[in-house]
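> Have a look at this one.
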Amino acid sequence: MGSRSVGTGARTVAELVQDRWGDHRPGLWFEERTLTHHEVAAGAAARAALLTDLLPPGAEPHVGVLLDNTPEYPLWLSAAALAGAAVAGINPTRRGPELARDILHTECRVLVTERAHLPLLDGLELPGVRLLVTDTEAYERLLAPYADARPEPTRATPGSRLLLYFTSGSTGAPKAAICSQGRLAAAGRSLVEHFGVRADDVHYVCMPMFHGNAVIADWAPALAAGAGVALRRRFSASGFLTDVRAYGATYFTYVGRAVQYILATPARADDRDNPLRTGFGTEAGAVDAAAFEARFGVRLVEGYGSSEGGAAIQRTPGTPKGAIGRAAPGDDLAVVDPARRTECPAAAFGPDGRLLNGHEAIGELVNRGPNPFEGYWRNEAAEAARQRGGWYWTGDLFYRDTDGFLYFAGRTDDRLRVDSENLAAAVIENILARYEGADAVAVYAVPDPVAGDQVMATVAGSFDPLAFETFLRAQPDLGTKMAPRFIRIVDRMPVTATNKIHRVGLRREGFRCADPVWWRPAGESAYRRLDEEDLAELIARYRARGREELLGR
């Protein structure tokens, strides 16, 4: 077939694309359409030649991609690799000036989109940006002269930029993290080895491809192994198992609450009749991972890797329940108190598994050794903050046991300080997720009227205050400061475009929201509905202490 073995020595993504030239096995599935690996390589070569002609002399070789997960997305990723260019993944949930800012900040002189997303661009000022609309006859005419192009990887080097993918934070504009061809090819090869990916596997890409998870953890290992790729335009929990069976998918990735949404679909007697071997992702949680395996017969592997590539944790045999794993080879990871820059003490656990010293054991995960972080596009301040003092600061909270296993405890902006005690939202979430009525749980801080924070939880599902109080009393690892003061009940958890809980919005609304809120006044154990009179009295307490402005922070 003219293709290398799975153990390819290719150092660039461009070389991996060339490897598929002459490989006439089915390689890309989307709805009713199937392309061979050769057709994908040929389509990428045509688009690479077009892109080379479209980019103005002296311009940064950047192409913005504003698409759902259609075949055009991997075609343009491959094309950019061959052209020695970079793809900026544009988030279609962004709007107006924010959307324009992302395109202009990454200096995209070409923007690839589809008709469904054209309304997003109405009225935007995008000077010097050439628009290509993929599902049009004009686009097909534009590509036609390049139909005989062949993949030529010599324009790329391992250091060539390939991805500019936005990482979001709680404040400020998203940062465009840089990923080179060498790093992406190496990540693909590493996952091939870790999961034993074979050329006859099919990777199901249902997470959005403008996000690093789908490209780095799903598409790249498939390309490195010569495996097939099946695309879902947008994630659908109800369509998940149907797609997996139709495409013969053996591997998929997930982020955020995707696993919870799949588990919330009606169970069927034949759920275990599917070809999947592995799911790889983050934030499913131990409870949902176990439920997924019991229902579908598929092992979920929870991993950790900072989006920017500065730190990674690998799960190995013998990893304790609840732990992510140990530091990847070559990483010098430590859990550090950011204020003192000293390593936190090891976690202490009670006989029931409860974390006993979270206030001192939980800190920020840092990599003190060399790491592959390649920076942010045109954002020196963010780079300096990420690498301050010569260490790579992940922005994530962890704790470590005496054997070196690491446990995720949330984001640095998910830390709560209640009655002078530091708590991590993720630890409380893991406990509340056991509540029978909870389909999903989010825990976050709301300001206390006097000082510090109070715990607030949003629960998607059903809620019975008496049953919930009984549940809380039965949890042996629920610390005395962990019980939520406020509980917001929603039908469906608000999420971002990557299926992560929209914590910024939840924190901003706090207990002043349109959804029902139950609360437990200080000194009381029973929950009751927060009514207008309660709310007025609460706000008066904040105002009296000069803390009203903290609401909605």
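> What is the set of long-range amide H partners of Phe280 at a cut-off below 5 Å, with H atoms built 1.01 Å from backbone N?
The answer is Phe252, Thr253, Tyr254, Val301.
> For the stretch 462-553, compute Rh as the Kirkwood radius over C-alpha pairs and then the Stokes-Einstein diffusion coefficient at 25 °C and 0.890 mPa s; write the answer in µm²/s, rounded to an integer. Write out the running numbers ahead of the final one.
Working: Rh = 14.9 Å.
Diffusion coefficient, whole number: 164 µm²/s.
> Right, next: Using a cut-off of 29 Å between alpha-carbon atoms, which lysines can reach Lys175, once sequence neighbours fewer than 8 places away in the same chain are excluded?
In chain and number order, the partners are Lys500.
> Any idea what Rg and Dmax come out to for the stretch 357-499 if you just take the C-alpha atoms, in Å?
Here Rg and the maximum Cα pair distance are 17.6, 53 Å.
> Give me a comma-separated list of calculated 3J(HN,Hα) values for the stretch 527-539, in order, Karplus coefficients 6.51, -1.76, 1.60 applied at θ = phi - 60°, integers in Hz, x for any Gly or Pro.
The phi angles translate into 8, 9, 5, 7, 9, 5, 5, 4, 4, 4, 5, 4, 5 Hz.
> Looking at the chain only, what percent of DSSP beta bridges run antiparallel? Nearest 5 please. Please report the intermediate quantities before stating the final value.
Numbers: 51 of 88 bridges.
Beta bridges within the chain, antiparallel portion: roughly 60 percent.
> Sticking with this one: Where a ≥ b ≥ c are the square roots of the eigenvalues of the C-alpha gyration tensor, would you call the stretch 136-225 rounded, which needs a/c under 1.5, or, failing that, prolate if a/b is larger than b/c, or oblate?
Because a/c hits 1.5 or more and a/b fails to exceed b/c, the stretch 136-225 counts as oblate.
> Also, quick follow-up: Provide the per-residue ³J(HN,Hα) series for the stretch 381-396, in order, calculated from phi with Karplus coefficients 6.51, -1.76, 1.60 and θ = phi - 60°, each as a whole number of Hz, with x at glycine and proline positions.
Each residue's phi maps through the Karplus curve to give 5, 5, 4, 5, 5, 5, 10, 5, x, x, 10, 9, 9, 6, x, 10 Hz.
> For the stretch 115-160 and the stretch 295-351, what is the separation of their C-alpha centers, rounded to whole Å?
A separation of 40 Å, based on Cα centres.
> A further question on this structure: Name the residue from Leu423, Gly437, Phe463 whose Cα lies farthest towards the positive end of the charge dipole of the stretch 419-550, charges +1 on Cβ of Lys and Arg and -1 on Cβ of Asp and Glu.
Leu423
> Put one equal scatterer on each alpha carbon of the chain, apply the Debye formula with no solvent term, and list log10 I(q)/I(0) at q = 0.06, 0.10 1/Å to two decimals.
The Debye formula, applied to the Cα set alone, gives -0.31, -0.87.
> Label 7 Å along Cα→Cβ of Arg234; the stretch 93-107 residues with amide nitrogen under 11 Å?
Taking a point 7 Å out along Cα→Cβ of Arg234, the residues of the stretch 93-107 whose backbone N falls under 11 Å are 93.
> Something else about it: Might you report the magnitude of the Cβ-based charge dipole of the stretch 158-255 about its Cα centre, with Lys and Arg at +1 and Asp and Glu at -1, to the nearest 20 debye?
280 debye
> What size of dipole, in debye to the nearest 20, comes out for the stretch 409-486 about its Cα centre when the only charges are +1 on Lys and Arg C-beta atoms and -1 on Asp and Glu C-beta atoms?
120 debye
> Report the gain in length on full extension from Thr93 to Glu524: 0.36 nm times residue separation, minus Cα-Cα distance, nm rounded to one decimal.
Details: separation 431, 0.36 × 431 = 155.16 nm, distance 4.18 nm.
Full-extension gain reported as 151.0 nm.
> Given the stretch 453-553, what percent of its DSSP beta bridges are antiparallel, to the nearest 5?
55 percent
> Which of the peptides 34-41, 152-159 is most tightly packed, and how do the rest follow, going by the mean number of other Cβ atoms within 10 Å of each residue?
Peptide ranking by packing, descending: 34-41, 152-159.
> Continuing with this model, one more query. What dipole magnitude, in Debye to the nearest 20, does the chain give about its Cα centre under +1 on Lys/Arg Cβ and -1 on Asp/Glu Cβ?
Magnitude of the dipole: close to 520 debye.
> Taking 2.2 N^0.38 Å as the expected size of a compact globular protein, what ratio does the Cα radius of gyration of the stretch 84-185 give against it, to two decimals?
1.22
> Another question, then. In the stretch 126-205, which chymotrypsin sites (Phe, Trp or Tyr not before Pro) fall in coil by DSSP and have 16 or fewer other Cβ atoms within 10 Å?
none
> Let me ask something else about it. On a full-extension model of 0.36 nm per residue, what is the gain between Glu436 and Asp515, subtracting their alpha-carbon distance, rounded to one decimal in nm?
Answer, rounded to one decimal: 26.4 nm.
> Also, I was wondering about something else. If you average over every viewing direction, what projected area does the convex hull of the Cα atoms of the stretch 12-130 give, in nm²?
Numbers: hull surface 30.7 nm².
Averaged projected hull area, Cα only: 7.7 nm².
> Choose one of Gly182, His117, Thr34: the residue whose Cα lies farthest towards the positive end of the charge dipole of the stretch 13-183 (beta-carbon charges +1 Lys, Arg; -1 Asp, Glu; about the Cα centre).
Gly182
> Right, here's the next one. Consider a paramagnetic label point 7 Å from the Cα of Arg295 along Cα→Cβ; state which residues of the stretch 200-227 have an amide N under 12 Å from it.
No residue qualifies, since no backbone N sits under 12 Å from the label point.
> Short version: ³J(HN,Hα) in whole Hz for each residue of the stretch 37-49, in order, from phi by Karplus 6.51 cos²θ - 1.76 cosθ + 1.60 (θ = phi - 60°), x for Gly and Pro, what are they?
After applying 6.51 cos²θ - 1.76 cosθ + 1.60, I find 4, 5, 5, 5, 4, 5, x, 5, 5, 5, 5, 5, 5 Hz.
> Once the piece of chain linking Ala384 and Ala474 is laid out straight, how much longer is it, given 0.36 nm per residue of separation minus the C-alpha distance between them?
27.8 nm
> Still on this model: What is the spin-label model distance, in nm, from Leu466 to Arg543 if the labels are put 7 Å beyond Cα along the C-beta direction?
My value for the distance between the label points is 3.7 nm.
> Shifting gears a bit: Amide H to amide H, which residues 5 or more places from Leu131 or on other chains are under 5 Å from it, using H placed in the peptide plane?
HN-HN under 5 Å from Leu131: Leu111.
> Given Pro127, Thr52, Asn91, which one lies farthest toward the positive end of the charge dipole of the stretch 1-127, if we put +1 on the Cβ of every Lys and Arg and -1 on the Cβ of every Asp and Glu?
So the residue we want is Thr52.
Laboratory data are not the source of any read-out in this text; all were calculated from the coordinates shown. A quick note: this is a predicted structure, and the numbers were derived from the prediction, not measured. A quick note on method: Cβ atoms are made from the backbone with ideal geometry, for glycine too, and the neighbour counts reach across all protein chains shown.
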